[in-house]
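Sharing a structure with you now.
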Amino acid sequence: LHPAFPNPFNGTTTLSFEIPKKGPVSIYIYNIRGEQVSHIINEPQLAGKQSIQWDPNPLPSGIYFCRMQFGQQSKTIKLLFMK
């Protein structure tokens, strides 16, 4: 999972990731309280670089966390959404 661009953002942001082989990928967004607020993907993806647009509307401005899991590996990045 690469840093989101743009970040901070207003509107949408691009979430990019790269995986070494085909396999199941899960990407979820959590608010500052740790509550899941968005489900981006939860399905097998092809190997290589990929990117997905995330539109947080109608969520309020604030700090969010994007967590990606691939197999036993996971990574979390911080997102700042400003309306």
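Which members of segment 26-40 meet the condition of being open to solvent by 80 Å² or more (accessible area, probe 1.4 Å) and either among the aromatic types (Phe, Trp, Tyr) or without any contact (Cβ under 8 Å) to a residue 24 or more places away in the chain (or both)?
The answer is ARG33, GLU35, GLN36, HIS39.
Looking at this structure, is GLU18 among the charged types (D, E, K, R), open to solvent by 50 Å² or more (accessible area, probe 1.4 Å) and touching a Gly at 6+ places or on another chain (Cβ under 7 Å)?
yes
Let me ask you something else. So which residues in segment 2-45 are modelled with pLDDT of 95 or more, touching an Asp or Glu at 6+ places or on another chain (Cβ under 9 Å) and of a type outside the set (S, T, N, Q), if there are any at all?
HIS2, PRO24, VAL25, listed by residue number.
Can you pull out every residue in segment 3-27 that is within 9 Å of the chain's Cα centre (by Cα) and not in a strand (DSSP E or B)?
Within segment 3-27, ALA4 is the sole residue that qualifies.
Here's a follow-up. Cβ-Cβ under 7 Å, sequence separation 6+ or interchain: first residue in segment 1-25 and among the aliphatic types (A, V, I, L, M), partner part of a loop (DSSP other than H, G, I, E, B). Which pairs?
Cβ pairs passing all conditions: LEU15/ALA4; ILE19/ALA47.
With the structure loaded, tell me whether GLU43 is open to solvent by 90 Å² or more (accessible area, probe 1.4 Å), assigned to a strand (DSSP E or B) and out of contact with any Gly (no Cβ under 8 Å at 6 or more places or on another chain) or whether it fails that test.
It is true that GLU43 is open to solvent by 90 Å² or more (accessible area, probe 1.4 Å), assigned to a strand (DSSP E or B) and out of contact with any Gly (no Cβ under 8 Å at 6 or more places or on another chain).
Looking only at residues that are in a strand (DSSP E or B) and under 12 Å from VAL25 (Cα atoms) in segment 62-77, which one is most open to solvent (accessible area, probe 1.4 Å)?
GLN73
Scanning for something of a type in the set (Ser, Thr, Tyr), closer than 12 Å to LEU1 by Cα and in a strand (DSSP E or B), does segment 48-61 turn up at least one residue?
Yes: segment 48-61 contains one or more residues that are of a type in the set (Ser, Thr, Tyr), closer than 12 Å to LEU1 by Cα and in a strand (DSSP E or B).
The values are calculated or read from the model by the stated rules, or taken from the named source; none is laboratory data. Small disclaimer: the values here were computed from a predicted structure and weren't measured. A quick note on method: Cβ atoms are made from the backbone with ideal geometry, for glycine too, and the neighbour counts reach across all protein chains shown. Just the protein is used for accessible areas: all its heavy atoms, side chains included, with ligands, DNA and RNA removed. Shrake-Rupley method; radii C 1.70, N 1.55, O 1.52, S 1.80 Å.
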